[in-house]
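Read-outs throughout are calculated quantities, based only on the coordinates presented, and are distinct from any laboratory measurement. Since the structure is predicted, the reported quantities are computational estimates derived from the model, not experimental observations. Virtual Cβ from ideal backbone geometry, glycine too; neighbours counted across all protein chains shown.
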Ligand code: BES
Ligand code: MN
Ligand code: ZN
């Protein structure tokens, strides 16, 4: 199931082979038979196929033709997508192992191809009796050394591992993963890579007076948690840490402002932000990146019971701000506000927030990208936007004009927790902004975090969106800082 990727050795047996070629490459030099060459020509020209499988009886020879494109982002994405098609062919034929090599293509093409296969091979079938039969057959991807560097391959493997872990966390339902389970799962995973994780329990959260998190938790029979992760290597290149914040609503019923049942079906996904930031921190630590990174995860479920918070309640947040709650289903911003205020104590270089925050974000751009907003973070935002293109987790920026915050005015408290009917993703962003005083990027992943049906290598259910985005952003940042400091 997790595809094991490694370099092939000279003595590796490669019955199944994939060769990634540029679509202009001549095929005469590949040592193919005359009939094979005719077949390839026919398939490419008449059938318009960009990948061709030749049955050599002792295994498959698969040729993949990558079209030249000026746009690196599109080209890499087409490699991931065609890889998923090829993966389907190999799994369909019960193959267990395949070798990958490139001819006349860029290193990033091969890496993207491997990435598409590895992400596409993911399954979440552990609760099925027939998991054994359902399991994809492909287990191993051997890459020819010399087509990709060892460090790039390691980066790829870790970013796939982190993404698939995030998918697992999202796919676990509430009865398997409550706030405490989430905190434990994070702590255990991070211990494995030498990063720190500290978990505040309910008592500690009460003593800190995190009123947003505690109010949302009132309707729950399970206690809340607040998890602080940290990766701080000796050779960190940034003096002030980057803080990530992730929404950890392990289930969102809407609370007293109850959701209709069909909108509730997939609400185990409401901790996707927490999965993203935890997995990003895991990857940074596993790759031992020279960056100081902190991640904060406030977690609880949002449910109804006798003591649940109700519309009209006025609550006092961690920073002392009072909020008039007019909709208990706008709970994410309440728990995030406490985390964002808490983040101030780290004097962060910037803060990036991930949350399945609003249906409005999802309605605006669907699952094809991330709704993004930024405050005082233009330069970082531009780098994040570039990273988004490379990993094909694209950002769509929405304005943070000050007029939107008028919608959050309350007569009887400092703020209310909902705006009007329009621009819901922006009023949610403005609510969060109120609790920040540092460069801030808010990413609303309500659209892409969870898919009702598979989209190529993005599996059905949790997608782990944002993990590859942050890893790619951090890698570029570390590289840039290293160059700047050499000067
Ligand atoms: N978790 C939801 C947002 C959501 C919707 C995530 C669809 C994923 C898919 C969030 O807590 C919520 O309920 N938001 C409300 C806010 C409203 C009450 C202001 C919404 O968007 O309807
Ligand atoms: Mn909600
Ligand atoms: Zn929610």
* What number in nm² do you get for the range 4-148 if you take the convex hull of its Cα atoms and divide its surface by four? -> 9.5 nm²
* Label-point separation in nm, residue 139 to residue 460, each point 7 Å along Cα→Cβ -> 2.6 nm
* Structure fact -> Among beta bridges assigned by DSSP with both residues in the chain, the antiparallel ones amount in percent, to the nearest 5, to 40 percent
* If you take the beta carbon distance between residue 38 and residue 382 as r and set R0 to 41 Å, what does 1/(1 + (r/R0)^6) give as a FRET efficiency, to the nearest 0.05? -> 0.25
* Asked: If contacts are Cα pairs under 8 angstrom and at least 6 residues apart, what is the relative contact order of the range 4-148 in percent?
  -> 35 percent
* Asked: Label residue 49 and residue 22 with points 7 Å out from Cα along Cα→Cβ: what is the distance between them in nm?
  -> 2.4 nm
* Asked: What does the convex hull of the alpha-carbon atoms of the range 159-486 project to on average, in nm²?
  -> 15.1 nm²
* Asked: Rounded to the nearest 500 deg cm²/dmol, what is the calculated helix-only ellipticity per residue at 222 nm for the chain, with -39500 (n - 2.57) per DSSP H run of length n ≥ 4?
  -> -11500 deg cm²/dmol
* In whole Å, how far is the Cα centre of the range 248-278 from that of the range 459-487? -> 27 Å
* Structure fact -> Restricted to the range 1-139, the DSSP antiparallel beta bridge percent, nearest 5, is 30 percent
* To do: Run the numbers on the chain and let me know its relative contact order in percent, using alpha-carbon pairs under 8 Å that are six or more apart.
  => 16 percent
* **Pairwise label distance in nanometres, residue 107 with residue 12, each label 7 Å out on the Cα-Cβ vector** => 1.7 nm
* Asked: Can you give the Kirkwood hydrodynamic radius for the range 206-264, in Å, rounded to one decimal and based on Cα pairs?
  -> 14.8 Å
* Asked: Want the number for residue 154 to residue 30: 0.36 nm per residue separation, take away the alpha-carbon distance, what's left?
  -> 41.8 nm
* Relative exposure of 79, 99, judged by other C-beta atoms within 10 Å (fewest first) -> 99, 79
* **Fraction of alpha-carbon pairs over 22 Å apart in the range 315-429 - percent** => 39 percent
* **Contour minus Cα-Cα distance for residue 125 and residue 482 (0.36 nm per residue)** => 124.3 nm
* **Whole-number D in µm²/s for the range 171-281 (Stokes-Einstein; Kirkwood sum over Cα pairs; 37 °C, 0.692 mPa s)** => 215 µm²/s
* Structure fact -> Listed with the fewest Cβ neighbours within 10 Å leading, 278, 207 appear as 207, 278
* **Debye equation applied to the C-alpha atoms of the range 370-487, log10 I(q)/I(0) at 0.09, 0.19 Å⁻¹** => -0.33, -1.05
* Asked: Rounded to the nearest 0.05, what FRET efficiency is calculated for residue 402 and residue 238 with R0 set to 35 Å and r the Cβ-Cβ distance?
  -> 0.75
* Pairwise centroid distance, computed over Cα atoms, of the range 1-76 with the range 163-178, Å -> 36 Å
* Compute the long axis of helix 34-45 from its Cα atoms, compare it with the longest principal axis of the Cα atoms of the chain, and write down the angle in degrees, 0 to 90, nearest 10. => 40 degrees
